[in-house]
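Worksheet: the structure to be examined is printed underneath.
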Amino acid sequence: MQKSKLGLDPSKVAAAKETARHIAADVQQFVNDYTTVAVERTLCRLMGIDGVDENGVPLPNVVTGAVQESGHLSDGVLFWLGNAVMATGKSPQEIAEQVADGNLDITACAAQSPADIVAALQPFVNAAVERIRQNKKRREDTIAGIGEGAKPYLYVIVATGNIYEDVIQAQAATRQGADIIAVIRTTGQSLLDYVPYGATTEGFGGTYATQENFRIMRKALDEVGQEVGRYIRLCNYCSGLCMPEIAAMGALEGLDVMLNDALYGILFRDINMQRTLIDQYFSRIINGFAGVIINTGEDNYLTTADAFEEAHTVLVSDLINEQLALLAGIPEEQMGLGHAFEMDPELKNGFLYELAQAQMTREIFPKAPLKYMPPTKFMTGNVFCGYTQNALFNEISIWTGQGIQLLGMLTEAVHTPFMSDRYLAIENAKYIFNNLHGIGDEVEFKKDGLIQKRAQTVLDEALVLLEKVKGEGLFSALEKGIFANVKRSKTGGKGLDGVALKGGNYVNPFVELMKK
């Protein structure tokens, strides 16, 4: 850690990271022994299985459901899929279609050794890995060829519900100056235990995350990127009951950024904590291998908890998210750890407290492309006040070297942003980023002043909380409502019935291949 502008004690930062590492390792010990229906469906997708049956049920769900209903989920889908490949000589896609038609029971095929099964599936494994590798190379080559926007990346959303309308709005936002386009996922999709199929034209509060929608938007952004002369990153939501599946779909279609938090689904969607923590591991393995930047969701804590009083919980979650991501093979350079500008505007010196916390986050995670979220909680519909709040937010971002700037909209509390709102948000950020470009290098903080003391206090409080979480374990801490003042049961929530203890036949070659 370089010398801290905030006077943070390096030994305290190191202690915080070490404690978070113990917490994450304890979680990982549990995760290693289990699989979920979402993980198994992901493996089907990586094997090339796609499409739906005559009832519109996705084929990965059909195959995984057949294995689960036969009582063999603990063996894993690949064990039975590999047996079927060896018995029939058919591809995984052909086998899935036969299962859907009722012409094949893959759990009735003669069982072979796990080693033979992996060998039989190797061509399909290699094809998936190579496709993802080529997408990563395409991104890197394009950036090397035409460049990309400077950090902080200007991140804006499209959310019409219609993927084709989203394309129009995304290309318009790119021409206005956006660097990242996030296609907001339709309300409630995180609670669906399947991924819809094909291009979609209806959705409330956003657009369905489907592989075809990913492909359509990737193509559109590549086209407009060539037009404006910079690479445009595509973001979607890798969370909910289909977390690893969406990671695989994004990797196969060349997405660049994924909202992929270890705790968000537990706290804000009441998805079972065991299910979520198992799913996040494989989803992050895929994202790490694909070169995808993950965004975590600590900013959401401050929608239910006070930004001043609970700032240390945001830091603790960032530290735990960092360690869980490292265990999945994600480098720090791909960790868009989250925090937010959410102080009550009526709080005296609120800007200074926000500045202290943003600088603290930057110093504690020096390599991460931090995701900084705009004011939302105290946006009232007063567009003049809202525009000013966003200007202050943008000032702190350039001052403290944030990586991803999710731009605030002056009508945040009124409606889904108009194209004109996005234009004004981008104009605001570009103006401030240009005029204050070097402020972080020029201005020092007063020794033992309000800013330094605030950051030091938040770190001290985080250390105390980390020790508490370490002592009880993350599962117990979540049950007690330590994060966002939200309590969840270890055996409650959605999706626990999709969790299975791994058996002796279980195989998943992607973990080792991708983590290498």
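The values are calculated or read from the model by the stated rules, or taken from the named source; none is laboratory data. Remember, it's a predicted structure, so these values are computed and weren't measured experimentally. Virtual Cβ from ideal backbone geometry, glycine too; neighbours counted across all protein chains shown. For the accessible areas, the whole protein counts, side chains as well, though only heavy atoms, and no ligand, DNA or RNA atoms are used. Shrake-Rupley method; radii C 1.70, N 1.55, O 1.52, S 1.80 Å.
Structural remarks
- Summed over the range 493-516, the residues that are in contact (Cβ under 8 Å) with a residue 12 or more places away in the chain, surrounded by fewer than 18 Cβ atoms within 10 Å (Cβ to Cβ) and within 30 Å of Ala16 (Cα to Cα) give a count of 2.
- Restricted to helices (runs of 4 or more DSSP H) entirely inside the range 383-445, those with at least 3 residues that are open to solvent by less than 10 Å² (accessible area, probe 1.4 Å) are 383-400, 419-435.
- One residue stands out among those in the range 443-476 that are on the phi < 0 side of the Ramachandran plot and small (Gly, Ala, Ser): the one that is farthest from the chain's Cα centre (by Cα), which is Gly449.
- Matching residues, the range 469-489, being charged (D, E, K, R), in contact with a helix residue (DSSP H, G or I) (Cβ under 7 Å, 6 or more places away or on another chain) and surrounded by 15 or more Cβ atoms within 10 Å (Cβ to Cβ): Lys470, Arg488
- The combined condition, being buried (at least 24 other Cβ atoms within 10 Å of the Cβ), touching a residue at least 60 places away in the same chain (Cβ under 8 Å) and either part of a helix (DSSP H, G or I) or under 14 Å from the mean Cα position of the chain (by Cα) (or both), is fulfilled by Gln357.
- Within the range 184-195, the set of residues being assigned to a loop (DSSP other than H, G, I, E, B) and either loosely packed, with under 13 Cβ neighbours inside 10 Å or in contact with a helix residue (DSSP H, G or I) (Cβ under 8 Å, 6 or more places away or on another chain) (or both) comprises Leu192, Asp193, Tyr194, Val195.
- Test: Gly449 is within 24 Å of Phe308 (Cβ to Cβ), modelled with pLDDT of 95 or more and in contact with a Gly (Cβ under 7 Å, 6 or more places away or on another chain): no
- Among the residues here, Ala150 qualifies as of a type in the set (A, V, I, L, M, F, W, C) and over 23 Å from Ala251 (Cβ atoms).
- Filtering the range 20-36 to residues that are part of a helix (DSSP H, G or I) and open to solvent by less than 10 Å² (accessible area, probe 1.4 Å) leaves Ala20, Ile23, Ala24, Val27, Val31.
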